[in-house]
Amino acid sequence: MVDLIKRAKELLESSAVKVVIGYEQGTGNKTRALFAEKAEDADKLIFDSRCVQNLAAYITKKEVKEKGKMAVAATLPVMRSIIQLAAEFQVNDNNLLVLGITPESKLIEFANLIEVETFVHQYQIEIDVRNKEMLDKLEKMTQSERWKFWTDELAPCFKCYACRAACPMCYCSRCTVDFNQPQWIPVASTELGNLEWHMMRAIHLTGRCIDCDACYNACPLSIPINLLTKKMLTDAKEHFGGYQPSLKGDHLMSTYKPDDKENFIQ
Amino acid sequence: MSKIGVFVCHCGENISATVDCAKVAETAANYDGVAFSVDYKYMCSDPGQNLIKSAIKEKGLDGVVVASCSPRMHEPTFRKACAEAGLNPFMCEMANLREHCSWVHEKGEATTQKAIDLVRMLVEKVKYNHSLSEIKVPVTKTALVIGGGIAGIQASLDIANTGHKVILIEKDPSIGGHMSQLSETFPTLDCSQCILTPRMVEVAQHPNITLYTYAELESLEGFIGNFKVKIRKKSKSLDEKLCTGCGMCTTKCPVKKIPSEFNEGLGKRTAIYVPFPQAVPNKPVIDRKNCTYYIKGKCKVCEIVCPTGAIRFDQEDEIVEKEIGAIVIATGFTVKQPDFFPEYGYGKYADVITGLQFERLASASGPTLGEIRRPSDGKVPQKIVFLACAGSRDPAKGIPYCSKICCMYIAKHAMLYQHKVHDGKSYVFYMDIRAGGKQYEEFVRRAIEDDGVNYVRGRVSKIYEKNGKLIVSGVDTLLNAMPVEIEADMVVLATAGVANEGAEELAQKLHISYDPYKFFAEAHPKLKPVETNTAGIFLAGACQAPRDIPESVAMASGAAVKVAGLFSQDELTREPIIAVVNRQAAPVYSSCVGCFLCVSACPYQAIEKEEIKNRSGEVIKSVAKVNPGLCQGCGTCVAFCRTKSIDIQGYTHEQMYTEVMALLNEY
Amino acid sequence: MNIDKRLVRKDSLEKLFDILKQNSKKIYAPFSKDGKTIFKDAESFGGILTGYVQTTESSKDIVFPRTEKILDYTKSKEGMSVKGIDLKDIPDVILWGVRPCDAIGIGELSSIFNWDYKDEIYNNRLSKVTVFGFSCYKSDDYCFCTSVGGNPGNTTGSDILFTRLGENGDYLAEVLTEKGESVVSIAPGIFEKSETAEKEKFLAEVPVKFNHEEIKEKLDKFFESNEWVKQSLRCLGCGACAYVCPTCACFDIQDEAHGKRGSRTRCWDSCGFSHFTLHTSGHNPRDIQSARWRQRIMHKFSYMPERLSVYGCTGCGRCSRACPVDMNILENLISIQEVTL
Amino acid sequence: MAEFEPKIVAFVCNWCTYAGADLTGTSRIKYASNVRIVRFPCTGRIDYMLLVKAFDEGADGIIVSGCHPNDCHYTSGNFHARRRWIMFRSLCDFMGIDTNRIKFSWVSAAEGAKWADIVNATVASISELGPYSEYRKVVKYPEMEVNNG
């Protein structure tokens, strides 16, 4: 990604930004986040198909914010996250510059978040085929088959909260699980505690999740928790015509339509 | 550990008949933190309240649970009692053992167990109650009265006479409402206009009353003491300041064949018109739907003849915004039209008319100048039939209720007919004669005995035309259901009184509830007949249910007193049941992350952004802040907040969580 | 002591399994799930993995469960009645297929749970566990047991250590403890005499990458280093590393109340969480990730050696494999060693 | 054995359904005593986690009820609630939680009879379904044996 490196160097030399967040070569075949603060660091920048970690998770991180204005090498999911974060007043043009990477791996720099939004809105959020099939499979199950599926899948979860840490939208300083008056979600990893934790997370991400799979990729036990948010995503589409992260902040779950349709309220 | 007092009320036998109150009290006595538990016959009685007060003082209670009726009934009573004993009123909770338990379940173990559970739920909740102090909000001492019928007029005058400002809005060009259409009024037979008109004039001239006719409520925001209303003044196409009400325009207007609303379609009016001679204000409006100029783009006769040049064809609707402290709704009612009754001729027989139309025929100011002439050919009907309960008390027609006023006005109509057509014969078909009310029964007897009106007890199955006569066929149930057929010249239907068109929309604009018939719902059928569930909004007259004039006037004065009471104080104390965003010590300040999604969730725009700054004035973080003046305490934001940073006083996370825990666990 | 070496034919491993099952032993063995290798209660021999470099989670869950009840309580007018757990209920367990770097970890856990206070529950669980170590004949970039004093054939912590003697070869079984012998006595036929067998040439190659004593000395002067910030900037502060680690022993005590009944449980916690050190006042002594990362390394390579004279790291490399953002502990330790102060 | 008496918790708003239930009382309409009403200011305040908690603590069924659309005392609390219910309910269904055990309804302050019907219908259907043992199973406290994988 030559032009990315070039641009990163310029930005750092001119100290237009204090840090450029991108990807570097990691252990073995892994790639990982790079925080280039000096021009020479930028040489380590890479970009290829392996670079899937959602870097937006770093934007709200105290240690990173303190460095000053940042530039982020942002793939489509990252850009979506950024727009949602902006809609929730977590970032703005003063502290963030977006170095967009198009699905065709072209570098495209945006003057401001409005441009980013316009770009992002050209693409619909689409759930990949494999997961679509998985969703259909679950839909076809009986309720108690689904119950078994989820209790089994979630039982191994030991609540390391990697899913939360890796999710750009989980930037809350106090997560509901950390709230203990009352203790909504059991702290201990138990079948119930795990179930409630992931249920709560799915609800809190409804209308905000942009389907980047960061949670699933982060899970050391590969628990398919992203199916929950994907389900919410599809249902949001079905019931309310779906959503796009948008600077207007017309958030799916904090707004309503008087003619919202349902078929279960007597 | 908390010291909670539990007070179980028998409510005479209302509760104790099905619930073992003693057992409930004993069980509660064993809960952690319960210092005192007792059952008593009437907790709301003075001795009952004293029992609570003295227990608070002697046992030093820090929480009270009264297990009696619905908190919607007596919560204020018992909270006041606690306050008088020096306990913060919001440390008092009520378990609803009557409406939600004893009245709806049979006597037995299960019912008592439920009572115990409900008490336990509240005992555990009270442990998490906090002392709260009431919120003071300013009161705008201007009332809005919606509807200029007799109820609206009465309410306006009464409020205005207490020295407070009133804005009266009426959707028609003149105030007066249905009463102005009536000929005479029961039971005294004095002329409606004669007693109403002075009041109408008084309204127009009262220094404290601002009158907007031809105007409707556009929107309502805010809350008791602090409403903001938008009023749409529909264009009259007239400069009222210039208009002298000389009437040149109305006499010269070429469009003369428009059915007059005031005369219930029996008379005609012009396109620019004053609804009736005594109208207030006595100034015309142009009915744009029927005005040649607005239809064809030329005419302007009125403009030409107007001596003061008051006509304004290009005048537009005007929106006036007003700050209001209280609202009286007096939008009245309407009656079903004959086309609602296929069996009575779909309204295809011109001589089958409604009671209201008959009023116009009988009225000196009516189309026939008070002579009873039938619409079809203007002949004086020799045989006339009045049908009571046309639609009313008829579940099949979706109107199971009694319209209440018909029995009386039918008697009046028959009487007026007999007085005006001496050799005429009048018949009344009725189900029951409901003449409850001062001098009402006597009035009906007069109609039957002195004026010889024939009352037939029975219903009419159908009306059809046969050689110029209307055949009214029914049965006489007093003559063991013998069929009756009367060849009538005219039939008057006492059609059911129903809610106005658009009552539902208005209720929704005002955020008040309404019953299945779209009549506005009072806060309590007995004890709060003029209040609505929304504080600061009151009801008067037939918008709440069919009402006759005395009742409407009484309600109006009642509502007026409520408003005056509200205006008697400069500040209003509101329950502190509002949302609060937590604040913590540095470096946290608040667990709120400032996503401000709650802002869009709030129905009252009550959530603001607060910037927390350090000593040198730099913004450390932006967090949500609830404006206690605007917050109404719905808690929509509370359930929505991911970090649980917003909580609502009186229904906190801990309280609600504990209630659920307490219901389902042993304590 | 000279170790009792036996030979176990590769096809008699299954027999051994069945015999132990017949003797109603619970056997936890590695299985494959969604590309991860996890320990679970094995019903039958089929499906038990071999040839894995390392299990995703360590086996510490058996002796130090992620969540374990400590007591039940009931409130009443008379007061509080408390019922502790019945240690007799702890089942006899055989840990099958434990790698030497896990087996050695159990020892390190024990030193934590027996430091100042002897943790009764832990010790009881441990006493009921028989460890079947399996030497490594494979390793990957993350392995560094040899740098922290272990090796692919290390016997420490195992009751019996099995070493595969070559591709499709039979197994050398080193019976190391009484627990081990008692297993042999249950299934004598399985364990054939064999003094001669040598395992060294069959073990995986794990080159030494750093010297842990040096690291320790370095750390004594390293507290304020900026290296912590550099290394941890990428860290998202989850607990994956701690939860897969064979020696991380931090736990939280939780009381769950349900009316007058309730229970107290002990469950895993991690120094990587920002709330780990959060005070009620809102003050947090480790308020940034670098401080938490430092704590993790210091604890394992400085504090534990000082206080417990064991290292808190076995070189299993799990934390690096599990880390969602590729925080590679080996890489970081090396860079600590290289930094010149 | 004794006949199964389902435990049902009702989460209702203060202005419509709670008042409606009061009217059921004043009208002396009888209904099953299995239900326990928890009073909220508005359906908008009802936290879905509380519904889950009710199941945790042993409820066999749940009723959630508030003002009809457009009738909310707070103008739109019930609209917000409705949106949340739609998503929450489908998530429950997706995770295999028995949505037949959660009844949602609109009961106005004037619908005392409807409230009685809702309760009776719910009690009947939950009695049909029996105790929610499937859920109970996961609500056990951490057991002595190692819970691994």
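The alpha-carbon positions of chain B define a convex hull whose volume is 214 Å³ per residue. Ellipsoid semi-axes for segment A:187-231, based on the Cα gyration tensor and the rule √(5λ), read 18, 14, 7 Å when sorted largest first.
Quote the relative contact order of segment B:235-283 in percent (integer), defining contacts as alpha-carbon pairs under 8 Å separated by 6+ residues. Write down the numbers at each step before the final one.
Working: 44 pairs, mean separation 16.3, N = 49.
Reported as a whole number, the value is 33 percent.
Using the Cα coordinates of segment A:129-240, the gyration tensor eigenvalues translate into equivalent-ellipsoid semi-axes of 22, 17, 14 Å, sorted from longest to shortest. Here the simple spin-label model places points 7 Å from the Cα toward Cβ, and for B:Lys107 and B:Lys298 these points are separated by 8.9 nm.
What is the list of residues in segment C:65-92 whose amide nitrogen lies under 15 Å from a point 7 angstrom out from the Cα of C:Lys118, following Cα to Cβ? Output list for this probe position: empty.
In the protein assembly as shown, the ratio of gyration radius to Kirkwood radius, Rg to Rh, stands at 1.08 when only Cα atoms are counted. Note on segment B:547-667: semi-axes of the ellipsoid equivalent to its C-alpha gyration tensor, largest first and rounded to whole Å, are 38, 23, 13. Placing unit charges on the Cβ atoms of the charged side chains and taking the dipole of segment D:8-138 about its Cα centre, the candidate lying farthest along the positive direction among D:Ala81, D:Met95, D:Ile29 is D:Ala81.
Sites counted here are GluC sites (Glu not before Pro) in a DSSP loop (not H, G, I, E or B) having no more than 12 other Cβ atoms within 10 Å; the longest part of chain C that contains none of them is C:225-341.
If the Kirkwood radius is taken over C-alpha pairs of segment B:248-305, then at 10 °C and 1.306 mPa s the Stokes-Einstein diffusion coefficient equals 137 µm²/s. The residues packed around B:Arg373, meaning those with a beta-carbon under 12 Å from its beta-carbon, carry a net charge of 0 if Lys and Arg are +1 and Asp and Glu are -1. Potential lengthening of the chain between B:Asp32 and B:Gln205 amounts to 55.6 nm, from the contour at 0.36 nm per residue minus the alpha-carbon distance. Backbone geometry of segment D:47-54 corresponds, through the Karplus equation with coefficients 6.51, -1.76 and 1.60 at θ = phi - 60°, to 3J(HN,Hα) couplings of 7, 4, 4, 5, 4, 4, 4, 4 Hz, x marking Gly and Pro.
Most simply put, chain B has about 55% antiparallel DSSP beta bridges, counting only bridges with both residues inside it.
The C-alpha radius of gyration of segment A:2-120, expressed as a fraction of 2.2 N^0.38 Å, stands at 0.96.
Over the residues of chain B, the helix contribution to mean residue ellipticity at 222 nm works out to -8000 deg cm²/dmol, using -39500 (n - 2.57) for each DSSP H run of at least 4. Binning all Cα-Cα separations of chain C at 20 Å, short to long from zero, yields these whole-percent fractions: 28, 54, 17, 0.
For chain B, the longest principal axis of the C-alpha atoms and the axis of helix B:46-59 are separated by about 20°.
Taking every alpha-carbon pair within segment C:4-202, the share separated by more than 21 Å comes to 55 percent. The charge dipole of chain B, taken about its Cα centre with unit charges on the Cβ of Lys, Arg, Asp and Glu (plus for the first two, minus for the last two), comes to roughly 1560 debye.
Computed from Cα atoms, the angle from the helix B:440-449 axis to the main principal axis of chain B rounds to 20 degrees. Just so you know, the Rg over Rh for chain A is 0.98, from Cα atoms, with Rh as the Kirkwood radius.
Among B:Ser403, C:Ser320, which comes first, then next, by fewest other beta-carbon atoms within 10 Å? Please report the intermediate quantities before stating the final value.
Working: B:Ser403 27, C:Ser320 24.
Lowest count first: C:Ser320, B:Ser403.
For B:Val352, the residues whose amide H sits under 5 Å from its own are B:Val491, ignoring neighbours fewer than 5 places away on the same chain, with H placed 1.01 Å from N.
With R₀ fixed at 45 Å, the C-beta to C-beta distance from B:Ala22 to C:Lys83 puts the FRET efficiency at about 0.85. Calculate I(q)/I(0) for segment B:249-357 by the Debye formula, one identical point scatterer on each C-alpha and no solvent, and give its log10 at q = 0.23, 0.24 Å⁻¹ to two decimals. So the normalised log intensities work out to -1.23, -1.29.
For chain B, find the longest principal axis of its Cα atoms and tell me its angle to the long axis of helix B:71-84, 0 to 90°, nearest 10. Tilt relative to chain B: about 50 degrees. The trypsin sites (Lys or Arg not before Pro) of segment B:595-667 meeting both criteria, a DSSP state outside H, G, I, E and B (loop) and at most 13 other C-beta atoms within 10 angstrom of the site's C-beta, are B:Arg615.
In debye, nearest 20, what is the charge dipole magnitude of segment A:124-263 about its Cα centre with +1 on Lys and Arg Cβ and -1 on Asp and Glu Cβ, if you could check?
Working: 17 positive and 19 negative charges, 51 e Å.
For this selection, approximately 240 debye.
Simple spin-label estimate for C:Lys21 and C:Thr50 gives 1.7 nm between the two label positions (7 Å along the Cα-to-Cβ direction from each Cα). A convex hull fitted to the Cα coordinates of segment B:149-215 yields 74 cubic angstrom per residue.
Across peptide A:204-211, the mean count of Cβ atoms from other chains lying within 10 Å of each residue's own Cβ comes to 2.
The charge dipole of the protein assembly as shown, taken about its Cα centre with unit charges on the Cβ of Lys, Arg, Asp and Glu (plus for the first two, minus for the last two), comes to roughly 2280 debye.
Placing unit charges on the Cβ atoms of the charged side chains and taking the dipole of chain B about its Cα centre, the candidate lying farthest along the positive direction among B:Ala435, B:Pro207, B:Phe276 is B:Phe276.
Using the Cβ-Cβ distance between B:Arg459 and B:Lys528 with R0 set to 30 Å, the FRET efficiency works out to roughly 0.25.
Entry note, chain A: the mean residue ellipticity at 222 nm calculated from DSSP H runs of n ≥ 4, each adding -39500 (n - 2.57), is -11000 deg cm²/dmol after division by the residues and rounding to the nearest 500. Shown here: segment B:334-498, whose C-alpha atoms stretch 36, 36, 34 Å along the first, second and third principal axes, sorted largest to smallest.
Report the FRET efficiency, 1/(1 + (r/R0)^6), for C:Glu198 and C:Thr177, where r is their Cβ-Cβ distance and R0 is 30 Å, rounded to 0.05.
Numbers: r = 21 Å, r/R0 = 0.71.
Step by step, r from the Cβ atoms, then E = 0.90.
Relative to its residue count, chain D spans a Cα convex hull of 120 Å³ per residue.
Amide H to amide H distances under 5 Å link B:Val139 with B:Leu572, where only residues 5 or more positions off or on other chains count and H is placed in the peptide plane.
Residues B:Trp103, A:Trp184, ranked from the fewest to the most other C-beta atoms within 10 Å, line up as A:Trp184, B:Trp103. Mean projection of the Cα convex hull over all viewing directions, computed for segment B:4-133: 6.6 nm².
Label-to-label distance for B:Arg288 and C:Glu205 is 9.4 nm, based on points extended 7 Å past Cα in the beta-carbon direction. Projecting the Cα atoms of D:Ala10, C:His279, A:Val177 onto the charge dipole of the protein assembly as shown, computed from C-beta unit charges around the Cα centre, puts D:Ala10 farthest toward the positive end.
Neighbour counts of other C-beta atoms within 10 Å: give me B:Met656, A:Met134 arranged from fewest to most. List each step's numbers first, then the result.
Details: B:Met656 28, A:Met134 17.
Ascending Cβ contact count within 10 Å gives the list A:Met134, B:Met656.
Only alpha carbons enter this Debye calculation for segment B:286-431, each as an equal point scatterer, and the log10 of I(q)/I(0) it gives at q = 0.15, 0.18 Å⁻¹ is -0.93, -1.04.
Between Rg and the Kirkwood Rh of segment B:579-648, both from Cα atoms, what is the Rg to Rh ratio?
Numbers: Rg = 11.9 Å, Rh = 12.2 Å.
Value, to two decimals: 0.97.
Readers should treat all values here as calculations from the given coordinates under stated rules, not as data from a laboratory. Given the structure is predicted, the values throughout are model-derived calculations rather than measurements. No Cβ is skipped: glycine too gets one built from the backbone with ideal geometry, and neighbour counts run over all protein chains shown.
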